[in-house]
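The values are calculated or read from the model by the stated rules, or taken from the named source; none is laboratory data. The model shown is predicted, which means the values in this text are computed figures rather than measured ones. No Cβ is skipped: glycine too gets one built from the backbone with ideal geometry, and neighbour counts run over all protein chains shown. Heads up: the accessible areas ignore ligands, DNA and RNA and are worked out on the full protein's heavy atoms, side chains in. Shrake-Rupley method; radii C 1.70, N 1.55, O 1.52, S 1.80 Å.
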Amino acid sequence: IYTTIYKLNNLQFTQSNHHDIMTDIINSPPQLAAILRPIDPPSTSTSTFSSTNNDDDEDEFTCTSLSFHSNGKHLFVSHRHGIRLYDVTKPDVSPGDDDGGPIQSIRYRSVLEDSSSEKQYRKSSASDVIGIRDMKATHANYCCLVAPAVYSYSGVGPRNNKEGDGKEKSLPVEYISLYDNKVLRTFDAGHAVRSIGTSPLDDSFLTSACRNSDGDGTVKLWDVKSPACCAKIVNYKNVDGGSSSSSSSLPSSPIACFDGTGLVYGVAMQSGDGSCHNVHLYDARKYSVGPFAEFKLMRSSVRESLSSKNGFSSESAEMMSLTATWNNMQFSADGKDILISCDHGIALTMDGYTGLLKHVYVREDVLPSEAENIPAAVACYTPDDKSILIGGSNDGVVRCYDSQGEGTLQFELSGGHVGRVSRIACSPRISVIATGSIYTGLWISPPPPV
């Protein structure tokens with residue numbers, strides 16, 4: 001299926017500013033330039049690879065993270081069992097070489113796997129492993145942050161690590177150097193980490209708790225240079241509308257990210273009654289005084305948009321808006337808008353200053369009766385903020401929408417993946433789009449006509 005590989009030297013990398021890059025992309029839709037293979041799975045794998053995270057049901061080969069270094073040319077690609085680092089300007093891909101030419105490649109092994117408690121557990125459950133849930137590049141070359149999770153190869157369900165309290169076990173975040181394959185530092189998050197958000201300005205990063213974990217509803221601030229937590233940003237029980245007293249009633253996990261300047265970060269979580277999502281914005285230099293802005297995006301606004309703009313029946317729109325969990329958030333480069341990726345293939349944008357809903361993006365060819373079976377959307381802004389790339393559907397297509405006008409479909413990236421695209425990332429410096437599925441695709445805009 002994945003035997004077609006395109007030579008990179010036939011396409012031109014544009015070393016220019018963001019607007020020039022995206023002008024090229026809009027005028028000439030990107031072409032598939034390379035397919036990069038994942039690390040071979042462990043030999044012990046004999047069946048379905050399942051996760052203790054119910055929100056994360058991809059198989060063992062699927063890309064879990066794509067993260068560009070700030071230099072724009074180094075791409076970190078993680079799968080459950082390993083990480084590869086590529087120079088996207090020199091991946092050395094040719095029809096006779098499907099390895100993709102990574103700069104560095106490691107098989108992930110958590111520091112916990114050498115602990116006495118973990119070894120004792122493995123005596124009775126050797127098929128379970130600690131793998132990668134999320135990964136982000138840092139400012140240091142060859143270094144990244146990894147949020148681990150427990151996965152099972154047994155094929156009979158996830159590992160039971162709830163320890164009687166119904167909460168997922170906390171695993172430390174690891175700061176890893178791919179240059180010499182060493183764990184430089186660990187961070188005891190105190191909660192099972194769902195996602196990591198790194199600052200574009202300095203070595204700060206955020207960890208967001210999984211729904212069913214210790215420290216429910218928390219987001220914590222860290223600095224790579226110190227193993228100690230800098231601040232506990234938010235607790236779900238202290239958020240308006242979130243008065244639930246037990247973790248089982250927690251609607252969803254919080255999500256958090258920095259804006260493009262690194263001076264502001266946002267935290268979003270669902271209210272206790274599910275009627276809205278709260279979005280809090282913090283000054284990264286004065287986080288101790290609390291959020292400087294608070295928004296509420298009502299579920300009714302999403303429902304009305306789905307009904308009026310996307311043609312869904314009131315029943316389908318009600319169901320989708322009620323169950324569309326927020327999975328990821330991203331600020332636009334200018335900070336004016338916030339992009340949210342949700343379940344059921346939904347992505348939405350909201351005004352970064354007022355919190356008002358701007359657009360709801362759903363595939364035009366989706367029938368209302370099929371909406372509840374659509375996988376979660378993955379989305380990101382292009383560096384110039386003019387377009388939004390959305391994937392996640394089972395057809396393997398990434399769709400590019402206008403972000404500033406009426407939200408119209410501009411073009412599609414197809415033919416690169418057979419299965420669902422689980423991750424999308426844009427280089428901040430050069431005109432390269434990375435899409436992750438079982439394999440990773442690199443898309444490059446052809447040079448503009450002379």
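Descriptive notes on the structure:
- Residue match in the stretch 269-276 (condition: among the charged types (D, E, K, R), open to solvent by 10 Å² or more (accessible area, probe 1.4 Å), at pLDDT below 95 and farther than 24 Å from Ala192 by Cα): no
- The combined condition, being farther than 15 Å from Tyr361 by Cβ, at pLDDT 90 or above and not aliphatic (A, V, I, L, M), is fulfilled by Ser422.
- Condition check for Leu281: modelled with pLDDT of 90 or more, assigned to a strand (DSSP E or B) and closer than 22 Å to Gly407 by Cα: no
- Residue match in the stretch 326-336 (condition: at positive phi and surrounded by fewer than 23 Cβ atoms within 10 Å (Cβ to Cβ)): yes
- 2 or more residues open to solvent by less than 10 Å² (accessible area, probe 1.4 Å) and modelled with pLDDT of 90 or more: qualifying strands (runs of 3 or more DSSP E) within the stretch 75-178: 82-87, 128-137, 143-152, 173-177
- With respect to the conditions (1) modelled with pLDDT of 90 or more; (2) part of a loop (DSSP other than H, G, I, E, B); (3) touching a strand residue (DSSP E or B) at 6+ places or on another chain (Cβ under 8 Å), Pro446 falls short on a single one, namely (1).
- The requirement of being of a type outside the set (Ser, Thr, Tyr), at pLDDT below 50 and closer than 14 Å to Tyr439 by Cα is satisfied by Pro41.
- Scanning the stretch 284-302 for residues that are farther than 15 Å from Met329 by Cβ and part of a loop (DSSP other than H, G, I, E, B), we see that the one that is most open to solvent (accessible area, probe 1.4 Å) is Arg285.
- Per-region count, the stretch 382-418, residues in contact with a Lys or Arg (Cβ under 6 Å, 6 or more places away or on another chain) and within 14 Å of Ile433 (Cβ to Cβ): 2
Residue by residue, here is whether (1) more than 20 Å from the chain's Cα centre (by Cα); (2) closer than 26 Å to Ser314 by Cβ; (3) open to solvent by less than 10 Å² (accessible area, probe 1.4 Å) holds:
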{"residue": "Gly355", "(1), (2), (3)": "yes, yes, yes"}
{"residue": "His359", "(1), (2), (3)": "yes, yes, no"}
{"residue": "Val378", "(1), (2), (3)": "no, no, no"}
{"residue": "Leu413", "(1), (2), (3)": "no, no, yes"}
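- Which listed residue is touching a strand residue (DSSP E or B) at 6+ places or on another chain (Cβ under 6 Å), open to solvent by less than 20 Å² (accessible area, probe 1.4 Å) and of a type outside the set (D, E, K, R), from Ser321, Ser305: Ser305
- Taking the stretch 381-399 as the range and being hydrophobic (A, V, I, L, M, F, W, C) and modelled with pLDDT under 90 as the test, no residue passes.
- Near pairs, Cβ below 9 angstrom, 6+ apart or cross-chain, from the stretch 434-446 (under 14 Å from Gln31 (Cβ atoms)) to any residue that is among the acidic types (Asp, Glu): Ser445/Asp24; Pro446/Asp24
- Residue count for the stretch 221-262, restricted to those that are open to solvent by less than 40 Å² (accessible area, probe 1.4 Å), at pLDDT 90 or above and closer than 18 Å to Asp283 by Cβ: 9.
- First in the stretch 196-218 and modelled with pLDDT of 90 or more and of a type in the set (Ser, Thr, Tyr), second anywhere and part of a loop (DSSP other than H, G, I, E, B) and crowded, with 23+ Cβ neighbours inside 10 Å, Cβ under 6 Å, 6 or more apart: Thr207/Ala189; Ser208/Pro254
- The set of residues from the stretch 314-354 being of a type in the set (Val, Ile, Thr) and within 20 Å of Tyr381 (Cα to Cα) comprises Thr325, Ile338, Ile340, Ile346, Thr349, Thr354.
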